[in-house]
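Read the structure below first, then the notes.
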Amino acid sequence: MKSLASLLTAALSLAGSLLASAALAQGASAPAPAASKAVDAAAPAAPAAPAAKAPAAPVAATGDAMSGTAAWYGRKFNGRKTASGQRFNASALTAAHPSLPFGSRVKVTNTKNKRSVVVVINDRGPSTPGRIVDVSQAAAQRLGFTRAGTTEVTLEVVGKAKVRRAK
């Protein structure tokens, strides 16, 4: 049976290797390997390394395109705060997308009837698997799918709008 000290030494060595691998993956130089030392079982554990910052939302380039299913959400959500901090307005031409940056202007085209509208991304979603965007009720009316509830669409990033943050 291995002693506690040798188990701790092995765990620390593995943790150091993992941290070095993570640093290399992020483009940083690897730290010099530490000399293997016997660990005193009574010694306190070293403090944990700070957690890595979550990456920022990807920057959408004008012309980026994607396709999939869209749905709409409406008056039931009026006045509620969106993920961007704005209040939802079913009459505004806005949309929710899981990864496009807030303020992205996106041309949404209904592939069934070729109608299109430009919306501003101000929320996160959709949460339903298989959907790529949730548009406001006003956008769904212009696209002609309020009665159906969902439709196939293409999305094309056309620019960046200023996002007003709530106070």
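What single numbered condition from (1) at pLDDT 90 or above; (2) out of contact with any Gly (no Cβ under 9 Å at 6 or more places or on another chain); (3) among the hydrophobic types (A, V, I, L, M, F, W, C) fails to hold for Ala49?
Among (1) at pLDDT 90 or above; (2) out of contact with any Gly (no Cβ under 9 Å at 6 or more places or on another chain); (3) among the hydrophobic types (A, V, I, L, M, F, W, C), Ala49 violates only (1).
Does any residue in region 66-77 that is on the phi < 0 side of the Ramachandran plot and charged (D, E, K, R) come within less than 6 Å, Cβ to Cβ, of a residue that is modelled with pLDDT of 95 or more and surrounded by 14 or more Cβ atoms within 10 Å (Cβ to Cβ) six or more places away or on a different chain, and which pairs are these?
Arg75/Ala90
Restricting to region 129-159, and then to whatever is free of Cβ contacts under 8 Å to residues at least 40 places away in the same chain and assigned to a loop (DSSP other than H, G, I, E, B), can you tell me which residue is surrounded by the most Cβ atoms within 10 Å (Cβ to Cβ)?
In this case the residue turns out to be Gly144.
Residue by residue through region 103-128, note down the ones that are surrounded by 23 or more Cβ atoms within 10 Å (Cβ to Cβ) and of a type in the set (S, T, N, Q).
Hits for region 103-128 are Ser104, Asn122.
The values are calculated or read from the model by the stated rules, or taken from the named source; none is laboratory data. Being a predicted model, the structure only gives us computed values, none of them experimental. Methodologically, a virtual Cβ is constructed for each residue, glycine included, from the backbone with ideal geometry; neighbour enumeration extends over all protein chains shown.
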